[in-house]
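Chemist: The structure that follows is given in the form of structure tokens.
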Amino acid sequence: MTTLVARPERVRTASQRYQLTAVAHYRLMLLLLLFLAATMLVGGRLLWLGLFADGAPGRHGPVSLIPMRADIMDRNGVPLARTMDAYSIAVRPRALLGDPMQIAKNLHNIFPDESVAQFYARLTSPARFTYLRRRALPEQVSAVNALGEIAIEFPREKERLYPQRTLAAHVLGFVDQDGAGAMGVERAFDKRLTDERLRSTPLVLSIDSRVQAAMESELYSGMKAHRALGGAGLILDVNTGEVIAMASLPVFNPNKLRKGNMEARRNDVTQAVYELGSSFKPISIGAAMDAGVVTSMNKRYDATAPLAIGGFHIRDDHPLKRWLNVPETLVHSSNIATARIADELGPQRMQDIFRKLEFDRRPSIELKERGSTIWPASWGRLTNMTVSYGHGIAVTPLHLASAYAALVNGGIWRPATIQKVKDGEAPTGRRVFTAATSARMRQLLRMIVAAGTGRSADAKGFRVGGKTGSAEKPFQGGYARSSLVTTFAAAFPMENPKYIVLTMLDEPKGTPETFGLRTAAWTSAPIVKKVIERTGPMLGIYPDLNRDVDISELMPLLWKPKEGEE
């Protein structure tokens, strides 16, 4: 019989400890594996929902993958566009517990701008995930949360916000569903705004939000008063090409694109092209001065009767039926006299000046939304005459503003820019007019406002100079006599011009205040006056009745009837 020998107590204790340690190790490993599996399951589910779930945020992935963007500010540091965490409200229709119709009614009470039917359609959608509201306010999120529906979620997402709402909407543009720039500055500077090295630094624009607001306000008031289809306005620094304000009406809200009018997104300052009428006359006469065609301000041109050429008659809107000198041609806006000057200048030299001003191509500015000009297919004698007063060629308002800047700043053309230019860093530009011609044109433009068709733009003390332009709109191979585009292009202060101010109205109507008249002198020019009066002090220019450009040598050239004459 075998006798069992008991194991020493010390050995039994070591063995038990080993077994207990092994069991604890196995349990710990099992717990870690279970935790890892759960984590992978949850992470995988979230990734799947983000990438593949129906109606999930973004077309190619979750909103969190949308790149961050730099802020956009005006020249004074006012925020115009920012990226921030925003509340959204979403629902998983398949997990809905409550009555969809009752929930839809409750949501309509919280968001009255959307109908019960719209909410009901989303709540009963076959999609796994769909939004009920983007950019919801905290109090709205709280009200929805109080409904107690577990299928409703409140994701925090990066949103592009335009805190000034519609202000400068056509300049700023907007981003698309994927967070990429789709219009305006957002599109033109998309790479700069999303560059990881630069997005912590705001993009500073040339726009002054105070001036922009004044331009939009006065342009809108003028558009409504004259029941115009639309309007455009621009303020341009004549020495740097900086756009200080750019407005296009009607306007849209980049925060609420779904509710906007697609037509309102067109930037009429840079995209739309127009025949801008008599506002071309100073450019044509300036070219004739440089070419030696106009050698004296007292040189006279026959405007006694309509000018017949090739079966076509060039007429004046307000015929004076006499010979006119150069100042009178501009002050009274004579088509006939301007056409005769253009005829002496000739087609080649007229084309040359227009090409130097880039009237043959899209406007020079960083924005992508730029319209192609309408350049005459053939440039014969008649075409040369009509384009001299703005008929037969179509350009954008920005083209005209840049041309006027060169006309008054000493003769240097510069491209327009939407970025703030640092002191001393303005582009060199290129000479288009001689300095002598530019100096003379400053006098002539001031005369037009002091004694001619631009009198309604004469903001007292601001020494405004400019030119009206009223052009019939093309229609069915001809022109619609009842449809005008009215423009006033101005500069101030004329003794040392700093800014171009341009306003344009599309098909304005006459009013009792304008005696039924709807030309630029009665519609667009008064808007320029109001804009200058409001924005001049913002721009550091104050009214001064004791300063002005000297036009004393030219005023005697204006014909005055003798006593008893009319």
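Chemist: Would you check the accessible area of Ser217, probe 1.4 Å, heavy atoms only, in square angstrom rounded to 10?
Modeler: About 50 Å², ignoring ligands and nucleic acids.
Chemist: Report the FRET efficiency, 1/(1 + (r/R0)^6), for Asp178 and Arg94, where r is their Cβ-Cβ distance and R0 is 22 Å, rounded to 0.05.
Modeler: Values: r = 26 Å, r/R0 = 1.18.
Efficiency, from the Cβ-Cβ distance: 0.25.
Chemist: For segment 408-506, what's the relative contact order in percent, using C-alpha pairs closer than 8 Å and at least 6 residues apart? Please report the intermediate quantities before stating the final value.
Modeler: Details: 156 pairs, mean separation 20.2, N = 99.
Reported as a whole number, the value is 20 percent.
Chemist: Determine the share of the chain's accessible area contributed by carbon and sulfur atoms, expressed in whole percent, with a 1.4 angstrom probe. Let's see the in-between values first.
Modeler: Details: 14930 of 27340 Å².
That share works out to 55 percent.
Chemist: Place a +1 charge on the Cβ of each Lys and Arg in segment 123-179 and a -1 charge on the Cβ of each Asp and Glu, then give the dipole magnitude about the Cα centre in debye, rounded to the nearest 20. Can you show the working numbers first?
Modeler: Details: 8 positive and 7 negative charges, 25 e Å.
So the magnitude is around 120 debye.
Chemist: Please work out which option in (1) 1.03; (2) 0.98; (3) 1.23 gives Rg/Rh (Cα atoms, Kirkwood Rh) calculated from these coordinates, and answer with its label.
Modeler: Label of the calculated value: (3).
Chemist: Another question, then. Between Asp85 and His318, what is the FRET efficiency for a Förster distance of 60 Å, r being their Cβ-Cβ separation, to the nearest 0.05? List each step's numbers first, then the result.
Modeler: On the way: r = 62 Å, r/R0 = 1.03.
Given R0 = 60 Å and the Cβ-Cβ separation, E is 0.45.
Chemist: Right, something else. Within the set Lys281/Lys530; Lys321/Lys460; Lys509/Lys529; Lys368/Lys529; Lys299/Lys473, which residue pairs have Cα atoms separated by over 22 Å?
Modeler: Numbers: Lys281/Lys530 24 Å; Lys321/Lys460 32 Å; Lys509/Lys529 19 Å; Lys368/Lys529 31 Å; Lys299/Lys473 33 Å.
Exceeds cut-off: Lys281/Lys530; Lys321/Lys460; Lys368/Lys529; Lys299/Lys473.
Chemist: On to the next question. For the chain, calculate the relative contact order in percent as a whole number, restricting contacts to Cα pairs under 8 Å that are 6 or more residues apart.
Modeler: In percent, rounded to a whole number, it is 13.
Chemist: Can you show me the helix-derived [θ] at 222 nm for the chain, built from DSSP H runs with n ≥ 4 at -39,500 (n - 2.57) apiece and divided by the number of residues, rounded to the nearest 500. Numbers along the way, then the final one.
Modeler: Values: 16 runs with 187 residues, N = 566.
Mean residue ellipticity at 222 nm (helix-derived): -10000 deg cm²/dmol.
Chemist: What distance in nm lies between label points placed 7 Å from Cα along the C-beta direction at Thr124 and Asn253?
Modeler: 2.9
Chemist: Does anything in segment 284-303 have its amide N under 12 Å from the 7 Å Cα→Cβ label point of Leu557, and if so which residues?
Modeler: What the label zone holds, given the 12 Å backbone N cut-off, is 286, 289, 294-301.
Chemist: Expressed as a whole number of Å, what is the distance separating the alpha-carbon centroids of segment 281-326 and segment 159-175?
Modeler: After rounding, the separation between the Cα centres reads 46 Å.
Chemist: Please list Trp413, Trp522, Trp375, Trp323 in order of solvent-accessible area, largest first, computed with a 1.4 Å probe with all protein chains present. Spell out each step's value before the answer.
Modeler: Details: Trp413 15, Trp522 95, Trp375 60, Trp323 130 Å².
Most to least solvent-accessible, the answer reads Trp323, Trp522, Trp375, Trp413.
Chemist: So, one more: Per residue, how many Å² of accessible area does the chain show with a 1.4 Å probe?
Modeler: 48
Chemist: Can you give the extra length, in nm with one decimal, that the chain gains between Lys460 and Ala377 once fully stretched, where that is 0.36 nm per residue apart less the Cα-Cα distance? List each step's numbers first, then the result.
Modeler: Details: separation 83, 0.36 × 83 = 29.88 nm, distance 4.36 nm.
This chain segment gains 25.5 nm when fully extended.
Chemist: Which residue, chosen from Gln164, Ser378, Phe359, occupies the Cα position most advanced towards the positive end of the dipole of the chain, where the dipole is computed from +1 (Lys, Arg) and -1 (Asp, Glu) charges on Cβ about the Cα centre?
Modeler: Working it through, the farthest residue towards the positive pole turns out to be Gln164.
Chemist: Related question: Could you tell me which of Thr240, Ala225, Gln271 has its Cα farthest along the dipole of segment 167-302 towards the positive end, charges placed at Cβ (Lys, Arg +1; Asp, Glu -1), taken about the Cα centre?
Modeler: About the Cα centre, the residue reaching furthest to the positive side is Ala225.
Chemist: I'd like the distance separating the alpha-carbon centroids of segment 536-558 and segment 208-275, in whole Å.
Modeler: For segment 536-558 versus segment 208-275, the Cα centre distance is 28 Å.
Chemist: Give, in nm to one decimal, the length gained when the segment between Gln140 and Glu495 is fully stretched (0.36 nm per residue of separation minus the Cα-Cα distance). Intermediate results must be reported in sequence, preceding the final value.
Modeler: Values: separation 355, 0.36 × 355 = 127.80 nm, distance 5.65 nm.
Once the chain is fully extended between Gln140 and Glu495, it gains 122.2 nm.
Chemist: Tell me whether segment 367-415 comes out rounded, prolate or oblate; compute the Cα gyration tensor, take square roots of the eigenvalues as a ≥ b ≥ c, and use a/c under 1.5 as the rounded threshold.
Modeler: Details: a/c = 2.84, a/b = 1.36, b/c = 2.08.
Judged from the Cα gyration tensor, segment 367-415 comes out oblate (a/c at least 1.5, b/c at or above a/b).
Chemist: Follow-up question, since we're still on this one. Would you list, by chain and number, the aspartates and glutamates whose Cα falls below 13 Å from the Cα of Lys105, excluding same-chain residues fewer than 8 positions away?
Modeler: Once the sequence-local aspartates and glutamates are set aside, what remains near Lys105 is Asp113, Glu114.
Chemist: Counting only protein chains, not ligands or nucleic acids, how are Ile309, Ile283 ordered by accessible area (probe 1.4 Å), most first? Walk me through the intermediate numbers first.
Modeler: Details: Ile309 25, Ile283 0 Å².
Sorted descending by solvent-accessible area, the residues read Ile309, Ile283.
Chemist: How would you order 531-540, 142-151 from highest to lowest mean count of nearby Cβ atoms within 10 Å? Intermediate values should be presented prior to the final figure.
Modeler: On the way: 531-540: 18.5, 142-151: 14.3.
The peptides rank, most packed first, as 531-540, 142-151.
Chemist: Accessible area of Arg430, 1.4 Å probe, to the nearest 10 Å²?
Modeler: 90
Chemist: Could you calculate the FRET efficiency of Arg165 with Ala308 from 1/(1 + (r/R0)^6), where r is the beta carbon distance between them and R0 is 60 Å, rounded to 0.05? Mind dumping the intermediate values first?
Modeler: Values: r = 55 Å, r/R0 = 0.91.
Computed FRET efficiency for Arg165 and Ala308: 0.65.
Chemist: With a/c under 1.5 counting as rounded, go ahead and sort segment 377-478 into rounded, prolate or oblate using the C-alpha gyration tensor (a ≥ b ≥ c being the square roots of the eigenvalues; past the cut-off, prolate if a/b is larger than b/c, else oblate).
Modeler: Details: a/c = 1.78, a/b = 1.27, b/c = 1.40.
Since a/c reaches 1.5 but b/c is at least a/b, the shape of segment 377-478 is classed as oblate.
Chemist: Going by average Cβ neighbours within 10 Å, how do the peptides 389-401, 70-82, 296-308 rank, with the highest at the top?
Modeler: Values: 389-401: 25.2, 70-82: 18.4, 296-308: 14.9.
Put in order of decreasing packing, that is 389-401, 70-82, 296-308.
Chemist: Could you put Asp237, Asp178 in order of accessible surface area, largest first, with the 1.4 Å probe and the full protein assembly present?
Modeler: Values: Asp237 25, Asp178 45 Å².
If we order Asp237, Asp178 from most to least accessible, we get Asp178, Asp237.
Chemist: Would you please classify the overall shape of segment 491-565 from the alpha carbon gyration tensor, given that a ≥ b ≥ c denote the square roots of the eigenvalues, rounded means a/c under 1.5, and beyond that prolate means a/b larger than b/c while oblate covers the rest? Display every interim value, and only then the final one.
Modeler: Numbers: a/c = 2.41, a/b = 1.01, b/c = 2.38.
Cα axes put segment 491-565 in the oblate bin.
Chemist: At 0.36 nm per residue, and after removing the present C-alpha to C-alpha distance, how many nm does the segment from Leu33 to Met68 gain when stretched out fully? Don't jump to the answer; show the numbers that get you there.
Modeler: Values: separation 35, 0.36 × 35 = 12.60 nm, distance 3.63 nm.
Contour length minus Cα-Cα distance gives 9.0 nm.
The values are calculated or read from the model by the stated rules, or taken from the named source; none is laboratory data. The model shown is predicted, which means the values in this text are computed figures rather than measured ones. Heads up, the Cβs are rebuilt from the backbone with ideal geometry, glycines too, and the neighbour counts pull from every protein chain shown. Just so you know, the surface numbers come from the protein's heavy atoms only, side chains and all, with ligands and any DNA or RNA stripped out. Shrake-Rupley method; radii C 1.70, N 1.55, O 1.52, S 1.80 Å.
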